[in-house]
1. Please give every one of the lysines within straight-line cross-link reach of Lys52, meaning a C-alpha to C-alpha distance under 17 Å, and leave out same-chain neighbours fewer than 8 residues apart.
2. Which number comes out as Rg/Rh for the chain once both Rg and the Kirkwood Rh are worked out on C-alpha atoms?
3. Below 14 angstrom from the Cβ of Leu185, what's the summed charge of the other residues (Lys, Arg +1; Asp, Glu -1)?
4. At a 10 Å Cβ-Cβ cut-off, how would you order Leu213, Leu34, Leu90, Leu299, fewest neighbours first?
5. Straight-line reach from Lys234: which aspartates and glutamates fall under 18 Å, measuring Cα to Cα and dropping same-chain residues less than 8 apart?
6. Quick one: Met135, Met157, Met42, fewest Cβ neighbours within 10 Å first, how do they rank?
7. What is the distance, in nm, between label points placed 7 Å from the Cα along the Cα-to-Cβ direction at Gln314 and at Ser17?
8. Take the Cβ-Cβ distance between Arg190 and Leu132 as r, set R0 to 35 Å, and report the resulting FRET efficiency rounded to the nearest 0.05.
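We did not get these values from a lab; they are worked out from the coordinates using the rules stated. Predicted model only: the values in this text are computed from it and were never measured. Reconstructed Cβ throughout: ideal geometry from the backbone, glycine too, with neighbour counts over all protein chains shown.
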Amino acid sequence: MPHADPAQPATLDHAVSLHIVTPLLRSTSYSARLGRSVWFKMEALQPPGSFKARGIGHACRIYKARGATHFVSSSGGNAGIAVAYGGRLLGVPVTVVVPETTSAAARERIAAEGAELVVHGRAWSEANEHALSLMKPDYAFIHPFDDPLLWEGHATMIDEVAAAGVKPGAVVLSVGGGGLLCGVLAGMERNGWHDVPVIAAETVGADSYAASLAAGAPVALPAITSIATSLGAKSPCTEAVAWSARHPIASEVVTDKQAVGACLRFLAEHRIVVEPACGAALAALEREPAAVMAASDVLVIVCGGAGATAEQLQAWDREACMI
Ligand SMILES: *Cc1c(COP(=O)(O)O)cnc(C)c1O
């Protein structure tokens, strides 16, 4: 068992939200370079390291209120960390099943939140199958992106931006399975931002959303070949693709090298480490897409991610084989 953190109550009442209100920064350096106001919504500062605290925290609260006695997740990434964190604060036991390929750092982080960690199978699909086999009638399975409860929770980040009095002319964010996109779009709609275009950023080799937009329906990639593993859903959720018929969405696909370079620049200028999954949005911004250059204020969701270190970013940047 990890040591109890004296500054943190062991459990919270389920009425309390499991995410924090994050800062909204007008970046001096990015604004100067792009010649317009660039606003960063700093989801990297959520206690479990990413925006997933919002949607997963909300889903965990609702499932507990509906009687769930146990949460199960099969993500070795930020979703698994967020479920473990949410379960600890709500006093609900959590089991996270991960494949053998999950890094030691991620395993430690999940275990440090007090979750039971089960290592099963070579690939995520095997871990996921095992996780589903552990389900009992009063257990809740927490999906990493395809659940309306997650979208409802993610939408609160847009409520906070609107409450701060900022209405951007464009929103830039990263897309994996599309949960963040669905949540941000729900938040935009309910705050009256119907006409504000969204730039959906991915990396080459994790660009299932770009492929799906082109096809007009969810398309599955044969394999994920990008280092941005948090974007590595082989296909996006149906709802994420359906949104493109209801809201202006433009796709930007960047290389791993560009995503890592954008992380290092963000680290140098804002002193915060984010994953290449988040660097994809920063790199997409730097490519100055038309919707960004038509806006006087641009909102970038700095989604974060606990799966990178400064050393790892520098090592990726040095790898000569990278495109
Ligand atoms: C999960 C995640 C994403 C992608 O979010 P989806 O909801 O799957 O589209 C992007 N960045 C980070 C850091 C994440 O953890």
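1. Qualifying lysines at Cα under 17 Å: Lys41.
2. Value, to two decimals: 0.95.
3. Its environment carries a net charge of -3.
4. Leu34, Leu213, Leu90, Leu299
5. Here the aspartates and glutamates satisfying the reach criterion relative to Lys234 are Glu126, Glu129, Asp146, Asp147, Glu202, Asp207, Glu252, Asp256.
6. Met135, Met42, Met157
7. 3.7
8. Result of the calculation: an efficiency of 0.60.
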